[in-house]
Amino acid sequence: AKDDGRNLIRFFSAAMQAVVAARAELELKLRAALAGNGFRLYYQPQLDRSGRVIGAEALIRCFDADGTMISPAAFIPLAEETGLIVPIGEWVLETACAQLRAWQREPATAGLTLSINVSARQFHQPDFVGKVAAAIERSRIRAGGLKIELTESVVLGDIETTVLRMRQIKALGVRFALDDFGTGYSSLSYLKRLPFDQLKIDQVFVRDMEKDTSSEAIVRAILAISRSLDLEVVAEGVETAAQHELLLTRGCELFQGYLFGRPVPIEDWKLERPP
Ligand code: C2E
Ligand code: CA
Ligand code: CA
Ligand code: CA
């Protein structure tokens, strides 16, 4: 029995060492990607009710030294813990603004919007407002084309600070979307106080909408809330024509999902969608 205990301890400490080593390796890869050119933005189209592409969400990808792609789900949490999300987020902001500028220079793409994801830790950096203002100025974009997606976790502690900061950024012309709506815990009174322009229905509700009446009810409730608060709504994760139909029937305004296009590097971005 004594031996069993010792083996168990050895087993656990080996497992923990493996976890620590994997995290350390991932952190090194992120640092290398920052120093080299390891990050890419992929662009996923957003469509209006008539099927026209009105813009895109920029989604980050990381490539390690052998060109293997690391998905953001795998590295964003560690980037947040280590603070690397701050320089990574600055790179996203700069790169997205440069792309938006390229779109705004061409008549065919001048009206497109570009959404970027900003993590709570990045948003609450003391100089974040200044960074956004500087990126807008440097790229010479019309700021109305830029949208910042935040999740409910952005409200850390007191809501006043978050509201004030959002207002400062909105004064620059930038708009805000509340990402993953319905998955968090924030109350409707919060939602009313935060100056969002858009709500994004989380893909879990869209996915389960047809087979699960509670998801369908949630989608309908979100659409009703956004109408009464005068917020634009985007449904995420639309994969099937049936989901699209149902969302259209319920009055959803904007759509994003594999049905219309996966996130792609800018070289593969096309404005025209197959009918
Ligand atoms: P998110 O912001 O909720 O982004 C939507 C995710 O759903 C993306 O995953 C997208 O590729 C995926 N998706 C889009 N359409 C469909 C669909 O029809 N079906 C399914 N199953 N999935 C779909 P991705 O690109 O792996 O990003 C995961 C998360 O990583 C994002 O979730 C976001 O929270 C975070 N992230 C991505 N880029 C950035 C970034 O630049 N900065 C920060 N802070 N976070 C980012
Ligand atoms: Ca998002
Ligand atoms: Ca989302
Ligand atoms: Ca998400």
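For region 1-62, with every protein chain kept in place, what is the accessible area per residue (1.4 Å probe, Å²)?
Heavy-atom accessible area per residue stands at 62 Å².
Of all accessible surface on the chain at a 1.4 Å probe, what whole percent is carbon and sulfur?
56
Which log10 I(q)/I(0) values, to two decimals, does region 173-231 give at q = 0.20, 0.22, 0.30 Å⁻¹ under the Debye formula with one point per Cα?
-0.75, -0.88, -1.35
How large is the translational diffusion coefficient of the chain in µm² per second when you combine the Kirkwood radius over alpha carbon pairs with Stokes-Einstein at 37 °C and 0.692 mPa s?
Value of D from the Cα-based Kirkwood radius: 162 µm²/s.
By its C-alpha gyration tensor, with a ≥ b ≥ c as the square roots of the eigenvalues, how is region 2-88 shaped: rounded for a/c under 1.5, else prolate for a/b larger than b/c, else oblate?
prolate
On the principal axes of its Cα set, how long, how wide and how thick is region 126-166? Give whole Å, largest value first.
For region 126-166, the Cα spread along each principal axis is 34, 19, 12 Å.
Taking N as the number of residues in region 109-262, what value does Rg over Cα atoms divided by 2.2 N^0.38 Å take?
This ratio for region 109-262 stands at 1.08.
So how far, in whole Å, is the C-alpha centre of region 1-65 from the one of region 202-255?
29
Only loop residues by DSSP count here, and only those with at most 14 other Cβ atoms within 10 Å; note down the trypsin sites (Lys or Arg not before Pro) in region 1-84 that meet that.
ARG49, ARG52
Could you tell me which chymotrypsin sites (Phe, Trp or Tyr not before Pro) in region 170-275 are loop residues by DSSP with no more than 10 other beta carbons within 10 angstrom of their beta carbon?
Here the chymotrypsin sites (Phe, Trp or Tyr not before Pro) that fit, given the DSSP loop and packing criteria, are TYR185.
Excluding same-chain pairs closer than 8 in sequence, count the lysine pairs in the chain whose Cα atoms lie under 24 Å apart.
Final tally of qualifying lysine pairs is 11.
What number, rounded to the nearest 500 deg cm²/dmol, is the helix-based mean residue ellipticity at 222 nm of the chain, given -39500 (n - 2.57) per DSSP H run of at least four residues and division by all its residues?
Estimated from H runs of four or more residues: -15000 deg cm²/dmol.
Net charge around ALA110, counting only other residues with Cβ within less than 11 Å of its Cβ (Lys, Arg = +1; Asp, Glu = -1)?
That works out to +2.
Mind listing which GluC sites (Glu not before Pro) in region 199-244 are in a DSSP loop and have 14 or fewer other Cβ atoms within 10 Å?
The qualifying sites are GLU210, GLU239.
Once you have the Cα-Cα distance between GLU160 and THR183, take 0.36 nm times their residue separation minus that, and quote the gain in nm to one decimal.
Stretched fully, the GLU160-THR183 segment lengthens by 6.0 nm.
When the expected Rg is taken as 2.2 N^0.38 Å, what fraction or multiple of it is the alpha-carbon Rg of region 181-275?
That works out to 1.15 for region 181-275.
The values are calculated or read from the model by the stated rules, or taken from the named source; none is laboratory data. All values reported here derive from a predicted model rather than from experimental measurement. Glycine also receives a Cβ, built like all others from the backbone with ideal geometry; neighbour counts cover every protein chain displayed. What goes into the accessible areas is simple: the full protein's heavy atoms, side chains included, and nothing from ligands, DNA or RNA. Shrake-Rupley method; radii C 1.70, N 1.55, O 1.52, S 1.80 Å.
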